[in-house]
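Here's the structure, in structure tokens; my notes come after.
Values quoted throughout were computed directly from the atomic coordinates according to the rules given, and no laboratory measurement underlies them. What you see is a predicted model; the values in this text were computed from it and never measured. Here the Cβ positions follow ideal geometry from the backbone for every residue, glycine too, while neighbour counts run over all protein chains shown.
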Amino acid sequence: MGQYFDNEVLPSKIVKTEANLLGKKFVFFTDNGVFSKDGLDFGSRLLLESIPLDEVGGKVLDMGCGYGVLGIVINKFTSSHVDMVDVNMRALHLSEMNLKVNNCSNIDVFKSNVYENIVSKYTCIVTNPPIRAGKSVVYDIVMNAKNYLEDDGKLYLVIRKEQGAKSLIRDLKKIYTIDIINRKKGFFILKCY
């Protein structure tokens, strides 16, 4: 995974994938060197199927957007403005391609190493945090989200039991109220507010 964060990625081999989410068909271009390059992963799907989209509005941040699945789907089902950020330039390029192929508007895509280039506050932050980046990056994303949420804002995330869900939930409870809004196949969907 080091190549992901250094932007020294594998040779490009863009692949077109499709996913049906919430009754709608989406097209996503993926590539070597990005998470879930073979298509939509189970954790992201479960997160999107679990977020109460009727409660999502205002400004949304897709933190660590990868090739843009979370932000694009939320954009298509809500009236939200979405900022999609990632540290990897290939992921950002794919996000731009994917928002065009899915006819999205009201989305900004830009580079940010966690919250480095974030200047706004959001009503909602969504993330499938990059577990392979290590605990310090994951904790930076989820613990510091509070500083970028509106007063009544919410953080939605997915974490696997085998990747430290129990200890992360315990630590998140120190600064957030936590609801486990779904649990399936070892994945936990958390709402933090």
task: Before anything else, pin down the relative contact order of segment 42-192: Cα pairs under 8 Å, at least 6 apart, normalised by residue count, whole percent.
output: 22 percent
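If packing is taken as the mean number of other Cβ atoms within 10 Å per residue, what is the order of 12-18, 118-124, highest first? Show your work: numbers first, answer last.
Details: 12-18: 12.0, 118-124: 17.4.
In descending order of packing, they fall as 118-124, 12-18.
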- prompt: Expressed as a fraction of 2.2 N^0.38 Å, the rule-of-thumb size for a compact globular protein of N residues, what is the C-alpha radius of gyration of segment 42-192?
  reply: 0.95
field: Share, in percent, of DSSP beta bridges within the chain that are antiparallel, nearest 5
entry: 50 percent
query: By per-residue mean of other Cβ atoms within 10 Å, what is the highest-first order of 139-152, 58-71?
result: 58-71, 139-152
query: Counting only the backbone N, which residues of segment 25-58 are under 14 Å from the spot 7 Å out from the Cα of residue 13 toward its beta-carbon?
result: 30-34, 37-39
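For residue 24 and residue 140 in the same chain, what is the full-extension length gain: residue separation times 0.36 nm, less their Cα-Cα distance, in nm? If you can, show how the numbers build up before the last one.
Working: separation 116, 0.36 × 116 = 41.76 nm, distance 3.29 nm.
Length difference between fully extended and current span is 38.5 nm.
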query: Under unit Cβ charges (Lys, Arg +1; Asp, Glu -1), what dipole magnitude, rounded to 20 debye, does segment 95-193 have relative to its Cα centre?
result: 640 debye
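If you add up the charges near residue 161, with Lys and Arg at +1 and Asp and Glu at -1, over every other residue whose beta carbon is less than 11 angstrom from its beta carbon, what do you get? Don't jump to the answer; show the numbers that get you there.
Values: positive: 160, 166, 183, 184, 185; negative: 162.
Around residue 161, the charge tally is +4.
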message: Per DSSP helix of 4 or more residues, -39500 (n - 2.57); summed, then divided by the residues of the chain. What does that give at 222 nm, rounded to the nearest 500?
response: -8000 deg cm²/dmol
